[in-house]
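The values are calculated or read from the model by the stated rules, or taken from the named source; none is laboratory data. Owing to the predicted nature of the structure, the values given are computational and were not obtained by experimental measurement. Cβ placement follows ideal geometry from the backbone for every residue including glycine, while neighbour counts extend to all protein chains displayed.
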Amino acid sequence: MHSFRAAVEAQDMEAATALLSADVVFHSPVAFQPYRGRDVVAPILKAVARVFEDFHYVREIGAPDSADHVLVFRARIGDREIEGADFLHVDDTGAIDQFTVMVRPLSAAHALAAAMQAELGRQ
């Protein structure tokens, strides 16, 4: 997962998006229904990169040869500190085919939902 982590930390969302499978399934921490497909998920990742401030990964969990990885992160949205985790699964080709994000605390999840709604509404 080092390549995805490196792309996100460099704020290179094009490189991060290129690591997603064409039919990736993305589970948002603030939406009930999953988003499906790279073309749908790419604008969401780009919006998140604009919404999060001081984003950084603090831990990576999973063996290099494992299909499952967890990237634990911290960020800020305005005055709200947010802690979260990206749960990633890669397919047989090494592309990310499942991507689930969880965040805490609840107040930060609410701030994320509001900020994402505003950001995606601008597009």
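The set of residues from region 35-55 being out of contact with any helix residue (DSSP H, G or I) (no Cβ under 6 Å at 6 or more places or on another chain), assigned to a strand (DSSP E or B) and either among the aromatic types (Phe, Trp, Tyr) or closer than 17 Å to residue 15 by Cα (or both) comprises just one member, 55. In the condition set (1) assigned to a helix (DSSP H, G or I); (2) within 19 Å of residue 42 (Cβ to Cβ); (3) of a type outside the set (Phe, Trp, Tyr), residue 98 is compliant with all but (1).
In region 14-24, is there at least one residue being among the hydroxyl-bearing types (Ser, Thr, Tyr) and closer than 25 Å to residue 114 by Cα? Yes. Within region 108-121, is there a residue that is modelled with pLDDT of 90 or more, of a type outside the set (A, V, I, L, M) and surrounded by 19 or more Cβ atoms within 10 Å (Cβ to Cβ)? No; the residues of region 108-121 include none that is modelled with pLDDT of 90 or more, of a type outside the set (A, V, I, L, M) and surrounded by 19 or more Cβ atoms within 10 Å (Cβ to Cβ). Restrict the check to region 19-30 and report whether at least one residue is among the β-branched types (Val, Ile, Thr), in contact with an Asp or Glu (Cβ under 6 Å, 6 or more places away or on another chain) and assigned to a strand (DSSP E or B). Within region 19-30 (the criterion being among the β-branched types (Val, Ile, Thr), in contact with an Asp or Glu (Cβ under 6 Å, 6 or more places away or on another chain) and assigned to a strand (DSSP E or B)), the answer is yes, since at least one residue qualifies.
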